[in-house]
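The values are calculated or read from the model by the stated rules, or taken from the named source; none is laboratory data. What you see is a predicted model; the values in this text were computed from it and never measured. Positions of Cβ are backbone-derived with ideal geometry, glycine not excepted, and every protein chain shown enters the neighbour counts. The area values use the complete protein model at the heavy-atom level, side chains included, leaving out ligands, DNA and RNA. Shrake-Rupley method; radii C 1.70, N 1.55, O 1.52, S 1.80 Å.
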Amino acid sequence: MNHSRHPQTLDGRDVEAHGPIDPRPAEVVAGGVLLMAAVVLTAANLRPAITSVGPLLADMRGELGTSALWAGLLTTLPGLCFALAGLTAPYLARRIGLGHAISAALGILIGGLVLRVVDGPAVVIGGTLVATAGIALINVLIPVVIKESFPARIGLMTGIYTAALQGGGAAGSAVTPPLDDLFGGWRPALGAWAGLAAAALVFWVLAIRGHHARATAATPAAAAGQPRSMLRSRLAWIITGFFGCQSCLAYIVMGWLPQVFIDHGMSKSDAGLLLGLNAVIAVPISIVVAPMAARRASQSGWIVGLGLLGFGGVLGLTLAPMAAPLLWTVLLGLGMSVFSLALAVIGLRSRTAADTARLSGMVQGLGYLLAGVGPFLFGLLHETSGGWTVPWVMVMTVYIVQMVLGALAGRPRYV
């Protein structure tokens, strides 16, 4: 795309070429509500493709006759795909427009969800990679929509978006087993999630047509010349490290917390309930904390405070895991709710939508690499040490790094 182009609306039309748009107030409100609904419904699709697999993994392996290595690939590759595909999102938005890029990503997600249930083990892996590629693109682009279309409500919209994302993830693991019973197999149970993605696509297409806000990765600031690389920004690297640390911690908790409790004598059902509680806690916290933090010039205090709560939960799990497992789980959940602030600072630390797109691509593209490495390293340390103390010490170290980088990322300045 030629960076001398005029800024566009969500539907890709040049604002300056078509003249100023002055819709009636009622149309503006309706368009904003429709776009908000599209953002929320889209967010609800960003985790079920991953979380729906876990409860049915044993059934899938039994029918397909696959190995533990295959199962490991199926659960590990999505995080790496988040990193690789996410780096292409800003380019795609510049080429076809922000709204059309998200619509295309939803189409990719739908195709992947359908593809992975139609054939054997290789197709399941391939379909999952296609689906997660669509998710990776959306992960990067939604913060740009929030920055450009809701500039005065970045904290609120980020909190709502994060809550919908986390709620969708919880629904993926909770609703899929009943769907398996209802439809009589893992294939229709997993494929059914394509319906939710299709609904999001419909809302998004309507939002592109009805919303007149300027939301694109090409803005006047970017039109002056070639866009500067975020790789040269010290603050961009700090935000990337902060996002990577919190993603690493979240994936470790999601992947290993139940096993830690089970190894200490807890039943599988109770361990699963505690993991669900850990995920649910972050939903209301995200809605409340992100707007409150975004109203302040600095978000450093909130980031460090939530980090200390999570650190306390890890410390309890290290020293006395069964003394108060509910308390440790709640503290971990509060600590993991910093995810909403990690997303919010992407918009708050960038001046324009163009910068937001590039920063989001770098932060999420590189940050999710740590998310893939973390669970593997945690498991490796457990295997080599023969216990859980050494892995949890590693987690506490990551928490300290997260708080330091988060405090720097939350300071009022721009990339």
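Under the condition of being assigned to a helix (DSSP H, G or I) and in contact (Cβ under 8 Å) with a residue 40 or more places away in the chain, the residues counted in the stretch 53-74 number 10. Say we look at the stretch 210-235 and pick out the residues that are in a helix (DSSP H, G or I) and over 20 Å from LEU92 (Cβ atoms); which of these is modelled with the lowest pLDDT? Among residues in the stretch 210-235 that are in a helix (DSSP H, G or I) and over 20 Å from LEU92 (Cβ atoms), the one modelled with the lowest pLDDT is PRO220. Please work out if TRP256 is more than 13 Å from LEU341 (Cα to Cα) and surrounded by fewer than 20 Cβ atoms within 10 Å (Cβ to Cβ). So TRP256 does not fit the description; no. Report, ordered by the first and then the second residue, all pairs with beta carbons closer than 8 Å, sequence separation of six or more or different chains, a first member in the stretch 284-309 that is farther than 10 Å from LEU341 by Cα and at pLDDT 95 or above, and a second member that is among the basic types (Lys, Arg) and open to solvent by 10 Å² or more (accessible area, probe 1.4 Å). Note: pairs meeting the criteria are SER298/ARG411.
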